[in-house]
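One structure is given here, and the rest of the page talks about it.
The values are calculated or read from the model by the stated rules, or taken from the named source; none is laboratory data. The structure displayed is predicted, hence computed values, not measured ones. Positions of Cβ are backbone-derived with ideal geometry, glycine not excepted, and every protein chain shown enters the neighbour counts.
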C-alpha cells in the first residue's frame, strides 16, 4: 500500500476546513457573520454608482483616504471609511459589505454581508425625489428579500435562517433625508408643510418605519441597531444656507430631528416588547455628533463648522465635494468632510462609541455585546 505524504494530509484537511467554512457561513464563532447595512449616504458604499442619479460620490477627491481602493473614489460620501465599514471591521467581518447593486454582490461574497444604503434615500418613498433616482428603505428591504433567497440556496434553509438570525447584525441609518430632502426642502415642500404638520409627518415616518422593521423581522432579522437622526441643523450646508455664525445651528431642523428621535425611541422600545426573540438597539447618534460638534477641540479637531471639501459661503457648505472643490490639507482635523457628511476621523470616534460605549450613546447593549448575544 502506497504511503500517504504528509503534505497530502494537510491538503485534505485544508479542503475539509474550507468546505466547512462556506457551508457554515463563517470560519469561527468569533466575529460577526454578516453585516447588513440599510440607510442613506452616511453609509452608502457605492449603490448610487449604479443609478442614474444626481446624488453620487464616485468622483475625486471622495475616497482620498480609503486604503482599500488606494485612495480612489468608491461611491462613499466621505474621505475614507463610513461608520458601517469601521463597525464591520471591528466586529470581525473580513471584508466590507458589498453594495447590493454592484456586479460582485453574488455567491459567497454575500456571506460577509450586503450594503443596501443609498445616497438620498429615506423612510418615506417621496424622500430624495430631487435626486431623480435613489433607493428608499422600502426598496432596500425588497432587495434584502432577494438576498435572503440567495442565502437559502447557498447554505440551505435551516443554516441560512440560523446564520441570519443569530450571527448577523442589521444596521439602519436613515431619517435625515426625510427632513433635509423632503419636509424642509425649499420650494418643493412648501405645499406639504402647509397641509401636514410636523407631528403628522413624523407620525407617517414612525408608522412606515414600524412596518419596515417588522418586514425585516419576518425575513429572520433578529439583531437590529437603529440610528436616530443627527443634529442636521449643524451641518455646514445648513449653517451656510442660513448664514449662521460658527457656533450656531438651525433651530427648526434640530427641533424636528429631536421630535422624531423621541418618537423613534418609543418605537424601538415597543418593538423590543413585541418582536419575540429580537433585540433592537438604539444608537443615539444625535447626542454623539452634538458632543463632537460642541467639544471638537477635545477630540483633536480644529473645526466643526467648515467642510474640508466643498465650495460656497463661509463654511464651504453649498456645493458638494468634487474635482473643482477647495480641499483642506488637514483632513483629520475636520469633523465634516463635505457640506453634509462626517470625515473618516469623525466616523472613527462615532463608531468606537457605538462598538464599546455606554448606554448614554448605545442601548440596551453596545455593538460588541450585541454581536456576542
Given (1) assigned to a loop (DSSP other than H, G, I, E, B); (2) touching a residue at least 24 places away in the same chain (Cβ under 8 Å); (3) under 20 Å from residue 41 (Cβ atoms), index of the condition residue 125 fails: (2)
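Within the group 332, 344, which residue is more than 28 Å from residue 272 (Cβ to Cβ) and free of Cβ contacts under 8 Å to residues at least 60 places away in the same chain?
Working: 344 fails: free of Cβ contacts under 8 Å to residues at least 60 places away in the same chain.
Checking each option against the conditions leaves just 332.
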Qualifying positions in segment 348-363 - out of contact with any strand residue (DSSP E or B) (no Cβ under 6 Å at 6 or more places or on another chain) and under 16 Å from residue 287 (Cβ atoms): 349, 350, 351, 352, 353, 357, 358, 359, 360, 361
Pairs, first over 22 Å from residue 240 (Cβ atoms) in segment 295-307, second surrounded by 11 or more Cβ atoms within 10 Å (Cβ to Cβ), C-beta under 8 Å, six or more apart: 299/292; 299/349; 300/332; 300/333; 300/345
Tally, over segment 234-245, of residues that are surrounded by fewer than 20 Cβ atoms within 10 Å (Cβ to Cβ), in contact (Cβ under 8 Å) with a residue 60 or more places away in the chain and not in a helix (DSSP H, G or I): 1
Residue tally, condition touching a residue at least 60 places away in the same chain (Cβ under 8 Å), part of a helix (DSSP H, G or I) and crowded, with 23+ Cβ neighbours inside 10 Å, over segment 214-233: 1
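Yes/no per residue for (1) more than 24 Å from residue 339 (Cβ to Cβ); (2) surrounded by fewer than 18 Cβ atoms within 10 Å (Cβ to Cβ); (3) under 20 Å from the mean Cα position of the chain (by Cα); (4) at pLDDT 95 or above:
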{"position": "138", "(1), (2), (3), (4)": "yes, yes, yes, yes"}
{"position": "152", "(1), (2), (3), (4)": "yes, yes, no, yes"}
{"position": "163", "(1), (2), (3), (4)": "yes, no, no, yes"}
{"position": "166", "(1), (2), (3), (4)": "yes, yes, no, yes"}
{"position": "173", "(1), (2), (3), (4)": "no, no, yes, yes"}
{"position": "186", "(1), (2), (3), (4)": "no, yes, no, no"}
{"position": "193", "(1), (2), (3), (4)": "no, yes, no, no"}
Residue match in segment 12-20 (condition: at pLDDT below 95, farther than 23 Å from residue 156 by Cα and not in a loop (DSSP other than H, G, I, E, B)): yes
